[in-house]
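Before any comments, here is the structure.
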Amino acid sequence: IIRHLGANGLRDLSDTGYDRDVAIAVSNTVVLAALKGHVEVLNGNSPAVADPADTVTVRAFGPDPDDSGRIRVWSTSLPFASNPVVWEIPATDGLTIGPRVVRAYFNDVNGSGTSNYRKGAVKTVMLSTGVNLLDLQIDR
């Protein structure tokens, strides 16, 4: 518990205004979040034609809840069966609240079997408890 005794510095529950005492309870449990949205794949200024052989991947990067000195990556990968692609990283994947960096990736597999890998812009987001929404774009 973090306590602040107000402007007068005295512990008095009857204080009001700036003198009012404040207490905040901090939990030692990890608070989880979900992140979902759409990834629109563009071909220039127009939406690209969906091809289920291609894939769209969304990755969120942030401190590892088990070791804050390391970066953890949360990821989801989906076939490019529709445009935009609906994606989600659920809270059950262990995604935690706080500032995160998110990026979408597009893997276009052409007829020869070689990949054409594209990256969307890097987005920063502050995740709160519950479901957080973020729409992304990739220009292939």
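Numbers below:
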read-out: Any chance VAL49 is exposed (fewer than 14 other Cβ atoms within 10 Å of the Cβ), closer than 30 Å to ILE1 by Cβ and among the aliphatic types (A, V, I, L, M); value: no
read-out: When residues of segment 24-70 are limited to those that are assigned to a strand (DSSP E or B) and among the β-branched types (Val, Ile, Thr), the one farthest from ARG103 (Cα to Cα); value: ILE24
read-out: Pairs, first within 14 Å of HIS38 (Cα to Cα) in segment 87-102, second open to solvent by less than 10 Å² (accessible area, probe 1.4 Å) and at pLDDT below 95, C-beta under 8 Å, six or more apart; value: ILE89/LEU95
read-out: Lone unmet requirement of (1) touching a residue at least 60 places away in the same chain (Cβ under 8 Å); (2) open to solvent by 60 Å² or more (accessible area, probe 1.4 Å) for VAL41; value: (2)
read-out: Selection status of VAL131, within 9 Å of the chain's Cα centre (by Cα) and either without any contact (Cβ under 8 Å) to a residue 12 or more places away in the chain or not in a loop (DSSP other than H, G, I, E, B) (or both); value: no
read-out: Odd one out for TYR117, checked against (1) open to solvent by 40 Å² or more (accessible area, probe 1.4 Å); (2) more than 10 Å from the chain's Cα centre (by Cα); (3) at pLDDT 95 or above; value: (3)
read-out: Residue that is most open to solvent (accessible area, probe 1.4 Å) [pool: residues in segment 71-114 that are assigned to a strand (DSSP E or B) and among the acidic types (Asp, Glu)]; value: GLU88
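The values are calculated or read from the model by the stated rules, or taken from the named source; none is laboratory data. Nothing here was measured: the structure is a model prediction, and the numbers come from that model. Every residue, glycine as well, gets a Cβ built from its backbone with ideal geometry; the counts of neighbours run over all protein chains shown. SASA here: full protein model, heavy atoms, side chains in, ligands and nucleic acids out. Shrake-Rupley method; radii C 1.70, N 1.55, O 1.52, S 1.80 Å.
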